[in-house]
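One structure is given below, encoded as structure tokens.
The values are calculated or read from the model by the stated rules, or taken from the named source; none is laboratory data. All of these numbers come straight from a predicted model, not from anything done at the bench. Don't worry about glycine lacking a Cβ; one is built from the backbone with ideal geometry, like all the others, and counts go over all protein chains shown. Remember, those area values only see protein heavy atoms, side chains included, never the ligands or the DNA or RNA. Shrake-Rupley method; radii C 1.70, N 1.55, O 1.52, S 1.80 Å.
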Amino acid sequence: MEAGVDSPAKGKRELAETLAAQILAYIRDSALPCDTHLRAQELAGRFSVSRFPVTHARELLASKGVLTHKPNRGYFVSGAAPSSAEALGLPKG
């Protein structure tokens, strides 16, 4: 691969990180209560992306403690108050 050319994996990671920051802002701005179910299809429609990056963004937010993953049920807002995107190491949403 040529120097200076971004790999597709890097672009997907950056999209997931940016989307995670946007989802975090949505959670904070909407004051979503603990245990609110964040459905992939709803988030994909809200942010005009496919479900694929939404899945990665939700996984990232779960790894940061913002969301809780319940197997066979989905992702839910955790009880912890969401931090800022910057505090979680995410780009600004």
Formal net charge of residues neighbouring Phe76 (Cβ-Cβ distance under 11 Å; K, R +1; D, E -1): +3
With a 1.4 Å probe and every protein chain left in place, work out the accessible area per residue of the range 4-63 in Å², rounded to a whole number. 57 Å²
For the pair Ser48/Glu14, report the inter-label distance in nm, with labels modelled 7 Å from Cα in the Cβ direction. 1.9 nm
Sorted by average packing, counted as other Cβ atoms within 10 angstrom per residue and highest first, what order do 61-71, 27-37 take? 61-71, 27-37
